[in-house]
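Below is one structure, written out as structure tokens, with a few remarks after it.
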Amino acid sequence: MLSQPCKSIVDLVQFFKDNQVVKVLDYGAGKLRNSIYLLNKGFKVYACDTEKQIRKINSLMEVNEFPYLINESQLMSHRLNVDLVVSNYVLNIIEDDNDKLKYIKNTYNSLKKRGYLLLEVRRRTERTPRGCTKAFTKKELNNFILNCNFEKLKDYSSKRSVVFLYQKNGL
């Protein structure tokens with residue numbers, strides 16, 4: 001079931017440790033590849049996904065193998081106050097712009113004051129079909145997130161992805 005974690009997470013583990021990140025929310029945890037990696041690195045990790053995905057995870061794992069699985073529809077009732085939210089390619093599968101905004105607002109509300117958001121998405125290229133809402137340019141993604149009360153700390157790009165590290169504004 002387990003595959004390799006996202007390179008962006010591996011590359012930033014030391015940054016997270018240096019900045020006293022303890023509690024992490026993997027929002028859109030999928031098959032738990034990032035969650036388990038971070039758990040093994042000593043972080044307290046909450047994995048959040050849809051009810052359907054959580055059922056799939058539970059069918060593949062022994063009961064209580066991963067202690068902190070949260071149904072996305074119940075996320076806001078948990079008041080996690082985490083140090084970091086990781087979101088890898090989740091915005092690429094959310095089609096509706098209002099749902100994307102709701103996702104980012106849930107992210108913001110799950111973070112403690114000055115918490116971090118590591119956001120990775122599929123990069124829009126000249127080969128991306130016109131009107132495709134499942135890929136982003138750096139500018140598109142950055143403008144969207146900055147309007148949600150985050151500030152950009154770092155950004156990276158590859159041929160396939162755009163990665164930003166943001167920090168929640170401390171208002």
Handout entry: Conditions (1) surrounded by fewer than 20 Cβ atoms within 10 Å (Cβ to Cβ); (2) at pLDDT below 90; number of the one not met by Ile70
Key = (1)
Practice task
Please list, ordered by first then second residue, the pairs with beta carbon atoms under 6 Å, 6 or more apart or interchain, first in segment 28-46 and on the phi > 0 side of the Ramachandran plot, second surrounded by 18 or more Cβ atoms within 10 Å (Cβ to Cβ) and part of a helix (DSSP H, G or I).
Solution key: none
Practice task
Taking Val13 as the residue in question, decide whether it is part of a helix (DSSP H, G or I), at pLDDT 95 or above, more than 16 Å from Asn106 (Cβ to Cβ) and of a type in the set (Val, Ile, Thr).
Solution key: yes
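For (1) at pLDDT below 90; (2) surrounded by fewer than 19 Cβ atoms within 10 Å (Cβ to Cβ), each residue gets a yes or a no:
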site	(1), (2)
Glu95	yes, yes
Gly115	no, no
Arg122	yes, yes
Lys138	yes, yes
Phe150	no, no
Lys154	no, yes
Gln167	no, yes
Exercise for the section: Mind listing just one residue for me: the one in segment 75-93 that is outside any loop (DSSP other than H, G, I, E, B) and modelled with pLDDT under 85 and, of those, farthest from Tyr27 (Cα to Cα)? Expected result: Ser77
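The values are calculated or read from the model by the stated rules, or taken from the named source; none is laboratory data. None of these values were measured; they are calculated from a predicted model. Backbone-built Cβ (ideal geometry, glycine too); neighbour counts: all protein chains shown.
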